[in-house]
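The block underneath contains the structure these notes are about, expressed in structure tokens.
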Amino acid sequence: MATHRIKIFDTTLRDGEQAPGCSMTLREKLRVAKALSDLKVDIIEAGFPAASPGDFEAVKAIADENRGPVICGLARCNAEDIEKVHAAVKGADKHRIHVFVATSAIHREYKLKMAKEEIIKSAVGAIKLARELCDDVEFSPEDASRTELAYLAEVVSAAIEAGATTVNIPDTVGYTVPAEFDKLFRYLNKHVVGIENITLSVHCHDDLGMAVANSLAAVHAGARQIECTINGIGERAGNCSLEEVVMAIKTRAEFFGLETGIESSRLYPTARLVSGITGMQIPRNKAIVGENAFAHEAGIHQHGMLQHASTYEIMRPEDVGISKSNLVLGKHSGRHAFRDRVKDLGFDLDEFELNRAFHEFKKLADKKKDMYDGDIEAIIMNVDNLSTGPWILKSLQITSGTDMDATAMLTLINESGKEFKKAATADGPVEAAFTALEDVCEIDLTLQNFELHSATIGEDAQGEATVIVEFKGNSYRGHGASQDIVEAACKAYLEVINRILRRKERGLDDTPDRSSMNRATI
Ligand code: KIV
Ligand code: ZN
């Protein structure tokens with residue numbers, strides 16, 4: 001059987017980042033883009049430049065790094081959006097403009113209030129304009145899976161005639177099922193004029209938990225590009241998970257007769273990076289990259305594994321980048337061993353970051369018996385936030401108990417080295433600590449979300465805290481890690497406070513920044 005190459009189009013930085021709580025700073029997006037290039041995705045959809053000035057800058061910065069994959073930006077069918085995408089992506093040697101318009105009856109009637117012919121006209125005009133600016137143009141008929149088949153074939157034929165080089169078929173609301181999607185792709189292959197000259201693509205959402213299955217049905221029926229995200233993050237229930245779809249194609253190569261160019265040993269580090277940055281925890285039982293994905297608990301399974309791994313294991317952990325030994329370094333480990341481990345975990349730190357991380361590692365290793373990969377990851381996720389000021393947490397004392405209010409007493413140091421002490425009382429210790437922080441820093445934030453997660457196993461594990469707060473219409477996310485969970489929460493809160501104060505210093509106080517609330521909506 002001939003093997004067909006499937007292009008992997010990653011939209012973590014566009015559809016993924018659009019999800020509530022997943023917005024990223026410019027620096028974080030650049031880190032993810034670098035990880036995606038190392039993973040060897042074919043196309044990175046870096047954002048939606050018309051959504052906000054911040055989105056434009058991020059897409060441009062990613063394109064200007066020109067790391068290898070095609071850099072793509074999303075546009076609605078209007079000249080302003082398309083020109084913005086072109087201005088943002090043109091720095092990359094290989095770039096793409098992705099235009100979309102909804103085609104289903106529901107969207108035509110209720111959202112766009114446009115007739116069928118008007119939609120075709122709008123798509124054709126947009127594709128022609130995009131082709132004047134760029135040779136690589138993708139077109140998506142949004143909500144394709146709920147569009148009348150004959151009309152869908154008509155739209156796609158017109159898009160190809162107008163110059164689209166890739167046509168993407170989205171299951172925008174995660175409504176289809178594999179057998180139905182298979183039929184849709186076979187129908188398009190039969191009825192669309194010129195379909196043999198373009199790349200047919202698939203883009204699935206996971207509302208019914210079938211995004212990966214539907215994407216596989218589409219490639220089985222002739223699609224040659226899959227749009228997906230790391231850890232399946234994305235609108236509502238998310239998108240097709242990149243790591244799952246890639247490993248399904250690799251593990252079942254004899255069935256699909258397909259291959260991707262993905263460096264599968266980079267899957268786990270990339271998944272951890274995206275989870276650490278977005279604060280979207282990976283469920284323990286998540287396929288491919290969950291902590292339990294390769295753990296064998298039942299005695300009968302362990303016995304089988306000892307006889308031969310293939311009894312209960314269809315993939316090897318190292319194929320997806322999970323190291324065999326999780327117990328890694330201790331307090332006697334040197335900088336060299338630490339650097340190697342950081343690299344093995346898939347992180348690329350500069351000398352300055354590495355020194356900071358090593359310093360934190362040594363501090364923690366003095367207190368903690370066993371240092372696991374998760375401990376190192378937690379340190380690295382927070383390396384950006386260490387001592388970046390203007391405020392630094394010097395000490396924190398908590399009194400709390402049953403049937404009493406909690407009191408937090410903390411000391412902060414400002415940029416000039418002056419110490420400020422404050423005590424606050426509240427129902428719980430975290431609230432008391434946050435109130436004291438706000439009082440010292442003279443700022444009033446609204447906490448939108450607070451999550452706590454154990455970085456590793458064991459009683460002495462570090463707690464990783466993620467907070468999302470609102471300040472003057474912008475959403476900010478902060479991370480903190482410590483063996484003391486109230487201290488971890490404080491670090492996360494202080495990271496946000498420091499970021500807001502630094503923005504203020506740069507005169508950006510009231511400027512809408514990266515909040516999805518302020519974005520143009522699709
Ligand atoms: O889900 C969807 O339809 C999309 C398109 C913009 C491709 O994300
Ligand atoms: Zn989507």
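Annotations
- Pair list, Cβ under 6 Å, 6 or more apart: the stretch 445-473 residue of a type in the set (Asp, Glu), other residue in a loop (DSSP other than H, G, I, E, B): Asp460/Lys368; Glu464/Ala455
- Under the condition of being more than 15 Å from Asp373 (Cβ to Cβ), charged (D, E, K, R) and part of a helix (DSSP H, G or I), the residues counted in the stretch 267-287 number 0.
- Candidates Glu161, Glu235, Glu227, Glu196 - the one that is free of Cβ contacts under 8 Å to residues at least 24 places away in the same chain and out of contact with any Leu (no Cβ under 9 Å at 6 or more places or on another chain): Glu196
- Selection of first residues in the stretch 72-89 that are over 17 Å from Thr11 (Cβ atoms) and of second residues that are in a helix (DSSP H, G or I) and among the basic types (Lys, Arg), restricted to Cβ pairs under 8 Å at least 6 apart or on distinct chains, gives the following pairs, ordered by first then second residue: Ala87/Lys60.
- Among residues of the stretch 206-219, those that are out of contact with any Pro (no Cβ under 8 Å at 6 or more places or on another chain), over 16 Å from His4 (Cβ atoms) and not in a loop (DSSP other than H, G, I, E, B), counted: 2
- Condition met for Ser201 (assigned to a helix (DSSP H, G or I), buried (at least 19 other Cβ atoms within 10 Å of the Cβ), assigned by TED's automatic domain parsing to the domain that holds Arg27 and in contact with a helix residue (DSSP H, G or I) (Cβ under 9 Å, 6 or more places away or on another chain)): no
- Hits in the stretch 220-260 (condition: assigned to a loop (DSSP other than H, G, I, E, B), in contact with a strand residue (DSSP E or B) (Cβ under 7 Å, 6 or more places away or on another chain) and away from ligand 1 (no atom under 15 Å from the Cβ)): Gly222, Arg224, Gly257, Thr260
- Number of positions in the stretch 27-85 that are within 16 Å of ligand 1 (Cβ to nearest atom) and assigned to a loop (DSSP other than H, G, I, E, B): 3
- Any chance Lys128 is more than 16 Å from ligand 2 (Cβ to nearest atom), part of a helix (DSSP H, G or I), among the charged types (D, E, K, R) and under 26 Å from Ile43 (Cβ atoms): yes
- Within this structure, Arg27 fails the test of being closer than 16 Å to Val89 by Cα and in the same structural domain as Lys121 (by TED's automatic domain parsing).
- Selection count, the stretch 451-471, where residues are out of contact with any Lys or Arg (no Cβ under 6 Å at 6 or more places or on another chain) and more than 15 Å from Pro20 (Cβ to Cβ): 14
One line per residue, one yes/no per condition, for (1) modelled with pLDDT under 80; (2) out of contact with any helix residue (DSSP H, G or I) (no Cβ under 6 Å at 6 or more places or on another chain); (3) under 19 Å from Ile376 (Cα atoms); (4) away from ligand 1 (no atom under 16 Å from the Cβ):
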{"position": "Asp460", "(1), (2), (3), (4)": "no, yes, yes, yes"}
{"position": "Ile468", "(1), (2), (3), (4)": "no, yes, no, yes"}
{"position": "Phe471", "(1), (2), (3), (4)": "no, no, no, yes"}
{"position": "Ala488", "(1), (2), (3), (4)": "no, yes, yes, yes"}
{"position": "Leu508", "(1), (2), (3), (4)": "yes, yes, no, yes"}
{"position": "Thr511", "(1), (2), (3), (4)": "yes, yes, no, yes"}
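- The number of residues in the stretch 135-154 being part of a loop (DSSP other than H, G, I, E, B) and either touching a helix residue (DSSP H, G or I) at 6+ places or on another chain (Cβ under 6 Å) or within 16 Å of ligand 2 (Cβ to nearest atom) (or both) comes to 2.
- Hey, Asp439 more than 31 Å from the chain's Cα centre (by Cα), within 26 Å of Tyr476 (Cα to Cα) and of a type outside the set (Val, Ile, Thr) or not: yes
- Every condition in (1) within 15 Å of ligand 2 (Cβ to nearest atom); (2) free of Cβ contacts under 8 Å to residues at least 40 places away in the same chain; (3) among the small types (Gly, Ala, Ser) holds for Ala92 except the one numbered (1).
- Scanning the stretch 5-22 for residues that are more than 16 Å from ligand 1 (Cβ to nearest atom) and either within 12 Å of the chain's Cα centre (by Cα) or small (Gly, Ala, Ser) (or both) turns up just one, Gly21.
- Residue in the stretch 332-339 that is surrounded by 17 or more Cβ atoms within 10 Å (Cβ to Cβ) and either assigned to a helix (DSSP H, G or I) or among the hydroxyl-bearing types (Ser, Thr, Tyr) (or both) present: yes
The values are calculated or read from the model by the stated rules, or taken from the named source; none is laboratory data. Computed from a prediction, not measured in an experiment: that's the story for all the values here. When we count neighbours, we look across all protein chains shown, and the Cβ atoms used for this are built from the backbone with ideal geometry, even at glycine.
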